[in-house]
1. Collect the residues in region 129-139 that are of a type outside the set (D, E, K, R) and surrounded by 20 or more Cβ atoms within 10 Å (Cβ to Cβ), keeping them in residue-number order.
2. Modelled with pLDDT under 95 and either open to solvent by 60 Å² or more (accessible area, probe 1.4 Å) or among the β-branched types (V, I, T) (or both): does that describe D125?
3. Is it the case that D155 is closer than 17 Å to T68 by Cβ, open to solvent by 50 Å² or more (accessible area, probe 1.4 Å) and modelled with pLDDT under 95?
4. Would you please name the residue that is farthest from N75 (Cα to Cα), looking only at residues in region 108-155 that are polar (S, T, N, Q) and assigned to a strand (DSSP E or B)?
5. Report, by residue number, each residue of region 58-83 that is open to solvent by 60 Å² or more (accessible area, probe 1.4 Å) and within 18 Å of A143 (Cα to Cα).
6. Among the numbered criteria (1) part of a loop (DSSP other than H, G, I, E, B); (2) modelled with pLDDT of 95 or more, which one does S89 miss?
7. Could you please let me know if V70 is of a type in the set (A, V, I, L, M, F, W, C), farther than 24 Å from Q117 by Cα and modelled with pLDDT under 95?
Amino acid sequence: TLIDGVTCAADPCGAGNDDCGSATSVDAGTHAFDTTDASDSGFGEPDDSQCAGTFLDWTGSPDVWFKTVVASSGNLTISLCDPASYDTSLVLYQGATCDDLAQVACNGDTTVESGCQAYYSGIYDHPVTAGETYYIRIGGWLAATGSGTVRLEMD
């Protein structure tokens, strides 16, 4: 319920993890997301030079945020492969808080996996350090929106 008894059903509240400060904490596994009611978090356009040629094309995309604290050093894989999903875009940041994030990876389109939607994003085998916090920002190509799943794997 919002102010003055207005409910989210009457006036959509948006996504619960619609900005960096409200990022949903996740561990390894598969987690649902939905950018349909999300807005542009105002964090700014990602630096697509880290993933040139992958069609990130953020364009003020409505986005949702997740964060994970890595238990041990190794490699992190983040996949948005989901045959029922939309044309996703993906950005990975590292930092203790939203005020000190540094973009460390991004992807617009990949072809690493099979059985996915036509255009999906993934960051594979990204080196991570134990105890560090990583923020995952999910949007869509040219501000596309929809639902899907994000899968995190550590090795």
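The values are calculated or read from the model by the stated rules, or taken from the named source; none is laboratory data. Treat the numbers as computed from the prediction; the structure is a model and nothing was measured. Positions of Cβ are generated from backbone atoms using ideal geometry, with glycine treated the same way; all protein chains shown enter the neighbour counts. Note: accessible area is taken over every heavy atom of the protein model, side chains too, but ligands, DNA and RNA are not part of it. Shrake-Rupley method; radii C 1.70, N 1.55, O 1.52, S 1.80 Å.
1. Pass one, region 129-139, residues of a type outside the set (D, E, K, R): 129-131, 133-136, 138-139.
If the condition is that a residue be of a type outside the set (D, E, K, R) and surrounded by 20 or more Cβ atoms within 10 Å (Cβ to Cβ), then Y134, Y135, I136, I138, G139 are the ones that fit.
2. no
3. Against the criterion (closer than 17 Å to T68 by Cβ, open to solvent by 50 Å² or more (accessible area, probe 1.4 Å) and modelled with pLDDT under 95), D155 qualifies.
4. It comes out as S147.
5. T59
6. (1)
7. When the stated conditions are applied, V70 does not pass them.
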